[in-house]
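First the structure, in the form of structure tokens, and then the observations on it.
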Amino acid sequence: MLERLYAPLRPALADVEHYIELLTQSDFPLLKQVGKHLFNRKGKQLRPLLLLYTHRLFQPGAAISDEALRCAALIEILHTSSLVHDDVVDEADRRRGQASVRALLGNRTAVLSGDYLISNAFLRAFHDNSASPLILSMLGIIRTMCEGELLQLQYTANPDMDENVYERIIAGKTAALFGQCSYCGALTAGATPEQAQSARQIGEAAGMAFQIKDDLLDLHAETEAQEGKTAGNDLKEGKITLPTLVYLRTLDEAGRRAFFDWLQRPAQWRSGELAARLDQIRQSGAETYCRQRMADYAQKAQDTFARLGIDRPLFKDLLNIICL
């Protein structure tokens with residue numbers, strides 16, 4: 001299905017890639033190396049797809065505007081740069097099946113490179129523009145994503161973690177960027193402020209479902225071959241995601257204390273302990289609960305889209321791919 005969604009937008013996606021190349025240019029050889037390493041291997045491009053399809057909702061017959069293409073490129077740069085920072089925080093050596101920037105060049109270079117990519121891209125994209133709602137909202141989304149990541153750090157291996165905090169974390173670190181995609185797509189297509197805000201809500205709901213889906217992938221060994229994500233990585237990093245929160249509800253107080261004692265000493269885990277814990281989480285009803293929460297957010301996205309009164313089957317298909 002994803003291939004069918006790419007087809008109508010291949011020329012626009014090629015333009016987005018061209019903008020990524022322009023916006024990540026640098027006179028520094030090291031940063032050229034980082035940019036080439038990061039952007040030569042493309043992911044699924046869900047965020048640019050969401051922005052461009054949202055743009056088409058409001059401008060179905062017109063060419064996609066240059067401003068929308070630039071925003072799509074910026075969001076892909078912002079997303080990729082945030083992954084560089086994630087790999088430093090998580091001490092990850094692999095990303096999308098290849099060595100992470102931190103593994104190649106070290107933590108300090110990775111952090112500085114991520115910061116540079118973001119700031120350089122924004123300066124290049126808006127050097128000839130006065131302040132606009134797009135610029136301000138882009139800058140705001142960087143702050144929101146940082147807040148989500150910092151909140152996650154605050155609650156790493158923390159017994160006070162609960163579902164409300166989890167939702168705040170993923171709303172900041174993941175859903176906000178999906179919401180920005182659909183907001184930019186709508187705004188650059190001439191949507192009204194009310195329509196643009198509805199579009200943002202569609203993207204945010206889809207992003208919430210997307211992150212829960214990603215957290216579920218962490219429970220399965222076959223995930224590594226399919227998605228490049230090692231099973232059990234979240235637990236190794238002390239991240240308490242929704243599946244783990246569901247599992248914790250099945251434990252008594254002594255069981256919870258034992259779990260957090262175990263979670264806080266990964267270097268001492270014996271062979272097979274992590275696999276056994278993942279199995280316990282899977283058997284706790286976590287998958288059923290999480291899939292229901294994904295379905296709830298997916299329905300919220302579809303309901304908000306329906307209220308726009310625009311019939312675009314491919315957009316609905318894209319939402320389903322993101323959410324489910």
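With each run of n ≥ 4 DSSP H residues scored as -39500 (n - 2.57), what mean residue ellipticity at 222 nm is computed for the chain after dividing by its residue count and rounding to the nearest 500 deg cm²/dmol? Before the final figure, lay out each step's value.
Values: 18 runs with 232 residues, N = 324.
One gets -22500 deg cm²/dmol as the mean residue ellipticity at 222 nm.
With 0.36 nm allotted per residue and the present C-alpha distance subtracted, the Asp317-Asn158 stretch has 53.5 nm of extension available. When the chain is treated as a GNM, springs tying every alpha-carbon pair under 10 Å, which of Ala189, Ala286, Ala221 comes out with the largest mean-square fluctuation? Per the Cα network of the chain with a 10 Å cutoff, Ala221 tops the list. Comparing Asp128, Asp90, Asp311 in a Gaussian network model of the chain (Cα springs below 10 Å), the most mobile by mean-square fluctuation is Asp128. Each 20 Å bin from 0 upward holds the following percent of the Cα-Cα pairs of the chain: 31, 57, 12, 0. Applying a 4.7 Å cutoff between beta carbons, the unpaired cysteines of the chain are Cys146, Cys181, Cys290, Cys323. Go through Lys44/Lys173; Lys36/Lys213; Lys213/Lys316; Lys213/Lys236 and tell me which ones have a Cα-Cα distance over 21 Å in this structure. With Cα atoms farther than 21 Å apart: Lys36/Lys213.
Annotation: extensible slack from Trp262 through Arg249 equals 3.0 nm (criterion: 0.36 nm per residue apart, minus Cα-Cα distance). Sparsely packed loop sites in the stretch 270-324 (the trypsin sites (Lys or Arg not before Pro) outside DSSP H, G, I, E and B with at most 16 other Cβ atoms within 10 Å) comprise Arg270.
Restriction of the trypsin sites (Lys or Arg not before Pro) in the stretch 7-83 to DSSP coil positions whose beta-carbon has at most 15 other beta-carbons within 10 angstrom yields Arg41, Lys42, Lys44. A Förster radius of 41 Å combined with the Cβ-Cβ distance from Thr192 to Arg270 puts the calculated FRET efficiency at roughly 0.10.
For the pair the stretch 33-60 / the stretch 243-261, the C-alpha centres are spaced 39 Å from each other.
So if the hydrodynamic radius of the stretch 239-312 is defined as the Kirkwood radius over C-alpha pairs, what does Stokes-Einstein give as its diffusion coefficient at 25 °C and 0.890 mPa s, in µm² per second? Write down the numbers at each step before the final one.
Numbers: Rh = 14.7 Å.
Result for D is 167 µm²/s.
Among the chymotrypsin sites (Phe, Trp or Tyr not before Pro) within the stretch 1-108, not one is in coil by DSSP while having at most 12 neighbouring Cβ atoms inside 10 Å.
Read the figures in this text as sums done on the coordinates, not as results from a lab. Keep in mind that what you see is a predicted model, and the values were worked out from it rather than measured. Virtual Cβ from ideal backbone geometry, glycine too; neighbours counted across all protein chains shown.
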